[in-house]
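Everything on this sheet refers to the single structure shown next.
The values are calculated or read from the model by the stated rules, or taken from the named source; none is laboratory data. A quick note: this is a predicted structure, and the numbers were derived from the prediction, not measured. We place every Cβ from the backbone using ideal geometry, glycine too, and count neighbours over all the protein chains shown. The area values use the complete protein model at the heavy-atom level, side chains included, leaving out ligands, DNA and RNA. Shrake-Rupley method; radii C 1.70, N 1.55, O 1.52, S 1.80 Å.
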Amino acid sequence: MKTLYPQNNAARMMLDLGGVWDFRFRGDTDWQPAAVPASYNDQSPDPRFRSFAGIVEYRRKITLPACWKGLRACLRFDGVAHNARVLLNGREIAFHRGGFLPFEAELEGFLAPGETAELTVEADNRISHDTLPIGTEGETAFFGSDNPGIPSVEAGKKLQQERGINRPAFDFFNYTGIHRPVRIIATPRQFIRDITLVPSTDGKVRYGVETEGTEGRVRIEILDAEGKTAAQGEGREGILTIPEPRLWEPRPGTPYLYCARVTFGGDLYEQPFGIREVKVEGTRFLINGKAFRFHGPCKHEDSPFHGRGTDCCLNVTDINLYHWLNANCFRTSHYPYAEEMYRLCDREGIVIVDETPAVGMWASEQYGWNLADYHKQVLADMIARDKNHPCVVMWSLGNEPDTDTMPDRAYEYWYPLYEAAHRMDPQDRPVTVVGCQNRYDRDRVIRSMDVVMINRYYGWYNLSGDLDAAKYAFRRELDWWEKQNKPVILSEYGADTVAGLHGAVAEMFTEEYQVAFYEAMSECLDERDFVIGEMPWNFADFATCQGPMRAGGNRKGLFTRDRRPKMAAHWFRERWKHL
Ligand code: BDP
């Protein structure tokens with residue numbers, strides 16, 4: 001769905017619906033409080049907040065201001081996980097599939113200026129073979145053996161299935177609810193639906209404006225960072241030229257931003273953008289013609305209390321910690337993040353690899369391959385939402401699918417998505433899909449991408465604790481990639497580390513081992529020119545579902561969950577100072 005990021009300006013108004021809403025599990029009679037935006041899961045000690053599988057209901061009253069007469073009004077949900085049904089006074093006004101992208105519900109015919117109504121949002125947290133991200137439907141344990149075949153264990157699993165099991169096929173807690181902002185938006189009845197900007201470093205800006213309604217002329221004015229007019233034009237599409245353009249460069253360059261001020265009839269929208277070009281050439285990744293090396297840990301949207309809920313304070317803190325680390329990028333593992341984060345990264349010069357929520361497809365022979373159409377829709381919506389951000393330099397189609405069990409079949413699934421991403425992105429950014437540690441010699445998908453991104457856990461999940469063997473094995477693999485003549489990014493590598501656990505001998509789980517692990521992997525990476533990036537897993541410790549491999553979540557953070565640096569954070573800070 002095309003929906004511009006909400007904006008208050010001379011033509012548009014918005015009401016933020018953040019606050020405490022009524023909340024209940026479907027079937028309950030009593031309502032209780034829940035904060036919005038936030039995941040609901042950490043908001044109560046009631047165990048159902050963590051384990052419930054099904055629909056929860058949120059409710060509150062909304063009023064359209066009487067002075068909004070003559071305007072078009074809609075509700076804008078930035079993200080409700082995973083499926084959402086929206087009702088006004090009991091009438092359905094919207095349904096949306098997928099928890100990480102925005103949608104709108106028009107209020108025309110449902111609520112008039114001056115009126116009050118009851119707004120209900122039903123959020124469904126169930127994950128299955130038909131959702132992105134994917135749920136196991138109880139078939140397989142993610143991490144840890146589920147002792148197949150033992151009659152008593154099988155009986156226990158059957159009981160779980162009967163009760164309704166909602167196990168993720170991915171390694172992060174299935175946070176859900178209204179976890180991103182909700183707003184009522186007013187625009188003129190004839191309004192700007194969408195803006196597309198394709199700048200090039202010579203100062204030319206190709207633009208397109210989509211409108212609802214046809215009365216009125218479209219005008220566009222490009223403002224520089226001081227607010228001075230740099231170029232202007234008229235019409236729904238065209239090419240403008242900015243004389244002496246200033247480029248958007250990732251830090252430590254200057255992330256210079258322009259603004260496209262678009263008017264149409266009585267409507268106005270101000271779209272920030274940056275001038276930068278990205279291109280893959282041979283084994284190099286070029287930003288504005290200069291070789292770019294990716295160095296920065298992958299992230300999650302994850303924090304205590306908020307869960308996956310949008311938290312601008314946390315975002316600013318995190319990005320300042322990226323600056324502190326001398327990091328220049330992250331991947332939005334494993335789903336598109338809240339829009340506020342991309343706007344912040346535009347401004348701060350942090351580069352993003354933007355990922356769809358296609359995660360958990362590690363057993364594609366069982367599931368995953370039925371999702372091609374829906375997956376393509378999600379990809380289209382992500383590109384539509386994020387296409388104008390200069391910080392976004394590459395699309396990731398997903399994380400760690402099974403591509404080597406049936407290599408041809410996997411290729412038939414993934415390559416059309418790769419082509420679709422290129423077709424759909426007006427800026428035609430490079431496209432990738434993140435590969436898991438598998439039979440890279442059998443797989444055809446990963447090597448067919450513009451940039452090879454590989455997750456590797458030598459010295460952790462395999463060759464555990466033996467960093468000499470890990471280096472030896474990793475070098476063997478890198479020898480193989482060298483022959484593929486593609487740029488390679490190590491898109492995940494890491495070691496679970498308990499903050500404060502030390503050892504004179506660097507053994508697994510100690511802070512010393514985490515540093516030794518990264519030293520060992522870096523030694524191998526630094527020998528290869530075609531390696532254009534390193535993205536440690538993960539920026540911070542994060543919540544996961546329970547399992548025998550997770551003591552209070554995933555501990556591979558360079559920081560603890562409350563953002564205290566482990567030794568490895570200091571180590572990377574020093575390393576990246578010199579890159
Ligand atoms: C990788 C996954 C990531 C996990 C990580 C880990 O891509 O989501 O959290 O392993 O096990 O396979 O720490």
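Which ³J(HN,Hα) values, rounded to whole Hz and listed in residue order, are derived for the range 34-41 from phi using the Karplus coefficients 6.51, -1.76 and 1.60 in 6.51 cos²θ - 1.76 cosθ + 1.60 with θ = phi - 60°, glycine and proline given as x?
Each residue's phi maps through the Karplus curve to give 8, 7, 10, x, 4, 5, 7, 4 Hz.
What 222 nm value per residue comes from the helices of the chain, counting each DSSP H run with n ≥ 4 as -39,500 (n - 2.57) and dividing by all residues, nearest 500 deg cm²/dmol?
After summing the helix terms and dividing by the residues of the chain, the value is -6500 deg cm²/dmol.
S128 to S44: FRET efficiency via 1/(1 + (r/R0)^6), r the Cβ-Cβ distance, R0 30 Å, to the nearest 0.05?
Details: r = 25 Å, r/R0 = 0.84.
The value I calculate is 0.75.
Of K290/K486; K299/K556; K279/K387; K471/K566; K204/K228, which ones are farther than 19 Å apart at the Cα?
Values: K290/K486 17 Å; K299/K556 11 Å; K279/K387 15 Å; K471/K566 23 Å; K204/K228 17 Å.
Checking Cα-Cα distances, K471/K566 exceed 19 Å.
Using 0.36 nm times the number of residues separating E215 and V498, minus their current alpha carbon distance, what extension gain do you get? Provide the component values of the computation, followed by the final result.
Details: separation 283, 0.36 × 283 = 101.88 nm, distance 6.22 nm.
Extra length from E215 to V498 when fully extended: 95.7 nm.
Per the 1.4 Å probe, what fraction of the accessible area of the chain, in percent, lies on carbon and sulfur atoms? Mind showing how you got there, number by number?
On the way: 11200 of 22550 Å².
After summing per-atom areas, the C and S share lands at 50 percent.
Suppose each label sits 7 Å from its Cα in the direction of the beta carbon; what would the D408-F25 distance come out to in nanometres?
Going from the D408 label point to the F25 one covers 4.9 nm.
Percent of Cα-Cα pairs more than 17 Å apart in the range 91-164, please. Show your work: numbers first, answer last.
Numbers: 1725 of 2701 pairs.
Cα-Cα pairs in the range 91-164 separated by more than 17 Å: 64 percent.
Using every Cα-Cα pair within the range 147-239, state what percent have a distance larger than 17 Å. Present the calculation step by step, with values, prior to reporting the outcome.
Details: 3123 of 4278 pairs.
That tail contains 73 percent of the Cα-Cα pairs.
Using only the Cα atoms, work out Rg/Rh for the range 190-276, with Rh taken as the Kirkwood radius, to two decimals.
Details: Rg = 13.0 Å, Rh = 13.1 Å.
Here Rg/Rh amounts to 0.99.
Tell me which residues come under 5 Å, amide H to amide H, from V392 once H is placed; ignore anything under 5 positions away on its chain.
Residues meeting the amide H criterion: I352.
Trypsin sites (Lys or Arg not before Pro), restricted to the range 156-242: which are DSSP loop and have at most 15 other Cβ atoms within 10 Å? Let's see the in-between values first.
Values: sites: K157, K158, R163, R183, R189, R193, K204, R206, R217, R219, K228, R236; in loops: R189, R217, K228, R236.
Counting only loop positions with at most 15 other Cβ atoms within 10 Å, the trypsin sites (Lys or Arg not before Pro) in the range 156-242 are R189, R217, K228, R236.
How many angstrom lie between the Cα centre of the range 281-303 and the Cα centre of the range 414-453?
16 Å
At a 4.7 angstrom Cβ threshold, list every cysteine in the chain that has nobody to pair with, or say none.
Those would be C67, C74, C259, C298, C312, C313, C329, C436, C524, C545, since no other cysteine Cβ in the chain comes under 4.7 Å of theirs.
Extent of the range 280-577 along each principal axis, from alpha carbon coordinates, in Å, largest to smallest?
Principal axes ranked by extent give 53, 43, 42 Å for the Cα atoms.
With a cap of 13 neighbouring Cβ atoms within 10 Å, and only residues DSSP puts in a loop, list the trypsin sites (Lys or Arg not before Pro) found in the range 406-455. Provide the component values of the computation, followed by the final result.
On the way: sites: R409, R423, R439, R442, R444, R447; in loops: R439, R442, R444.
Taking the range 406-455 and a limit of 13 other Cβ atoms within 10 Å, the loop trypsin sites (Lys or Arg not before Pro) found are R439, R442.
Just for the Cα atoms in the chain, what are the lengths along the principal axes, largest first, rounded to whole Å?
Sorted from largest, the Cα extents of the chain read 70, 64, 45 Å.
Please list the non-local residues whose amide H lies under 5 Å from the amide H of A94, H modeled 1.01 Å from N, same-chain partners needing a gap of 5 or more.
Amide H neighbours of A94, under 5 Å, 5+ apart: V86.
So if I average 1/r over every pair of distinct C-alpha atoms in the range 268-369 and take the inverse, what Kirkwood radius in Å does that give?
Numbers: mean 1/r = 0.0637 Å⁻¹.
Value: 15.7 Å, from the Cα pair sum.
So what's the range 356-474 giving for Rg/Rh, alpha carbon basis, Kirkwood Rh from the mean inverse pair distance? Mind dumping the intermediate values first?
Working: Rg = 15.5 Å, Rh = 15.2 Å.
Value, to two decimals: 1.02.
Just to confirm, what accessible area per residue do you get for the chain at 1.4 Å probe, in whole Å²? Numbers along the way, then the final one.
Values: 22550 Å² over 579 residues.
For the chain, the per-residue accessible area is 39 Å².
Among M361, G553, G98, which residue has its Cα furthest toward the positive end of the charge dipole of the chain, with +1 on Lys/Arg Cβ and -1 on Asp/Glu Cβ?
The Cα lying farthest towards the positive end belongs to G98.
Return the sequence-ordered ³J(HN,Hα) values of the range 82-91 in whole Hz as given by the Karplus equation 6.51 cos²θ - 1.76 cosθ + 1.60 applied to θ = phi - 60°, using x for Gly and Pro.
Those phi angles translate into 9, 10, 9, 10, 10, 10, 10, 6, x, 9 Hz.
Report, in cubic angstrom per residue, the convex hull volume of the C-alpha atoms of the range 389-545. Walk me through the numbers before you get to the answer.
Numbers: hull volume 22.0 nm³, N = 157.
Expressed per residue, the convex hull around the Cα atoms of the range 389-545 is 140 Å³.
Hey, how many Å between the Cα centroid of the range 166-202 and the Cα centroid of the range 342-359?
Comparing the Cα centres of the range 166-202 and the range 342-359, I get a distance of 13 Å.
Which of the GluC sites (Glu not before Pro) found in the range 222-276 are in a DSSP loop and have at most 11 neighbouring Cβ atoms, other than their own, within 10 Å? Each step should come with its number before you reach the end.
Details: sites: E226, E234, E237, E270; in loops: E226.
Here the sparse-neighbourhood loop sites are E226.
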